[in-house]
Amino acid sequence: MMGASHAVSGAAAWLFVAGTGPVTLGLIEGVDGPGLGVGAVVAAGAALLPDIDHRSGTIARSLPPLSTIAAVVTEKLSGGHRRGTHSILGLAIAMFGAVLAARIYVPIGDFGSYYVGAGIGAILLSAFAIRALELVKGRVLAWVASVSLAAIVVIFAADNWVWFPAAVAVGYAAHLIGDFITTGGIPVMWPVVIKPPKWWRKSPILSDVWKASGSLSVPLLGNAGSAREKVLVSLLTGWVVWAGAYNWIGVNLLGWAA
Ligand SMILES: [Zn+2]
């Protein structure tokens with residue numbers, strides 16, 4: 001999947017898991033207010049994180065030279081592009097990091113606590129998302145937009161950051177699913193990578209599912225950037241717009257039809 005597709009799928013997954021989904025299905029009460037809104041942006045940014053293993057990818061180029069160094073180090077540690085960061089272990093490490101970040105806070109007298117770790121995480125991830133989606137032009141504006149976004153959360157939900165690790169996990173998982181359904185596939189159980197026998201690699205459909213590299217894939221979307229991917233991303237964008245209007249303005253864009 002392409003960067004912007006990952007970002008959109010991360011936001012859509014968060015809105016479904018934390019917002020509209022549970023409410024629509026009547027399962028549990030969803031996260032509301034700033035957590036849902038900024039969580040969508042954070043999930044969009046987290047949906048770009050696995051590709052930090054790629055030195056010329058969107059994230060690596062987002063905040064040079066810091067992001068470039070992070071990309072080169074991750075690429076080395078995780079065994080190259082689409083290896084360690086694209087596995088269940090990679091997801092677990094990202095979740096662990098987000099839980100740790102959410103625990104870093106500074107108590108400010110009677111005003112409650114300021115969640116520094118989650119705040120910084122939210123700024124960085126929003127910056128990634130804003131950049132991948134090309135929502136604003138230029139590096140300075142991207143920073144201004146993400147810092148103001150994080151400031152909104154700090155002001156309106158200073159004590160409530162429980163959604164942060166959840167948004168990171170949902171966004172990250174959305175990326176893995178996105179790559180799993182394109183032809184490249186992902187090494188799900190990395191560092192355990194089992195390669196198929198020779199006869200398997202020669203079979204046309206089998207070798208698309210369990211690849212010579214040991215990666216697994218159900219290539220429903222075909223190659224990254226395919227027409228099918230664009231259709232899916234358009235549908236997901238529609239979902240984000242509908243869920244956004246429904247949750248924040250209270251307008252059901254599909255309601256008039258019923
Ligand atoms: Zn990827």
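Things worth noting here:
- Sole exception among (1) among the hydrophobic types (A, V, I, L, M, F, W, C); (2) buried (at least 19 other Cβ atoms within 10 Å of the Cβ); (3) away from the ligand (no atom under 11 Å from the Cβ) for Leu48, by number: (3)
- Look at the stretch 244-258: where a residue is modelled with pLDDT of 75 or more and a partner is part of a helix (DSSP H, G or I), sitting 6+ places away or on another chain with Cβ atoms under 6 Å, you get Asn252/Tyr246.
- A Cβ distance below 8 Å, combined with a sequence gap of six or more or placement on separate chains, defines the contacts here; from the stretch 217-240, residues that are touching a residue at least 12 places away in the same chain (Cβ under 8 Å) reach residues that are charged (D, E, K, R) and not in a helix (DSSP H, G or I) in the pairs Ser217/Lys211.
This table checks each residue for (1) surrounded by 15 or more Cβ atoms within 10 Å (Cβ to Cβ); (2) modelled with pLDDT under 95; (3) out of contact with any Cys (no Cβ under 9 Å at 6 or more places or on another chain).
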| position | (1), (2), (3) |
| --- | --- |
| Ala151 | no, yes, yes |
| Asn160 | yes, yes, yes |
| Ala166 | yes, yes, yes |
| Tyr172 | yes, no, yes |
| Leu176 | yes, no, yes |
| Phe180 | yes, no, yes |
| Pro219 | yes, yes, yes |
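- For the stretch 87-109, the count of residues that are at pLDDT 85 or above, within 16 Å of the ligand (Cβ to nearest atom), touching a strand residue (DSSP E or B) at 6+ places or on another chain (Cβ under 8 Å) and part of a helix (DSSP H, G or I) is zero.
- Cβ pairs under 7 Å, 6+ apart, first in the stretch 173-190 and among the acidic types (Asp, Glu), second part of a helix (DSSP H, G or I) and within 12 Å of the ligand (Cβ to nearest atom): Asp179/His86
- Of the criteria (1) in contact with a helix residue (DSSP H, G or I) (Cβ under 9 Å, 6 or more places away or on another chain); (2) β-branched (Val, Ile, Thr); (3) farther than 21 Å from Ala92 by Cβ, which one Val188 fails: (3)
- Which listed residue, of Ala43, Ala129, Ala60, Ala71, is under 17 Å from the mean Cα position of the chain (by Cα), within 16 Å of the ligand (Cβ to nearest atom) and not in a helix (DSSP H, G or I): Ala60
- The set of residues from the stretch 110-138 being basic (Lys, Arg) and either modelled with pLDDT of 80 or more or surrounded by 12 or more Cβ atoms within 10 Å (Cβ to Cβ) (or both) comprises just one member, Arg131.
- Residue satisfying all of: in the stretch 225-239; crowded, with 19+ Cβ neighbours inside 10 Å and either of a type in the set (A, V, I, L, M) or over 19 Å from the mean Cα position of the chain (by Cα) (or both); farthest from Met1 (Cα to Cα) among these: Leu236
- Only a single criterion out of (1) over 19 Å from Leu125 (Cα atoms); (2) within 15 Å of the ligand (Cβ to nearest atom) is not satisfied by Gly178, namely (1).
The values are calculated or read from the model by the stated rules, or taken from the named source; none is laboratory data. Here the structure is a predicted model, which is why all the values come from computation and not from measurement. Here Cβ is always computed from backbone atoms with ideal geometry, including for glycine, and neighbour counts include all displayed protein chains.
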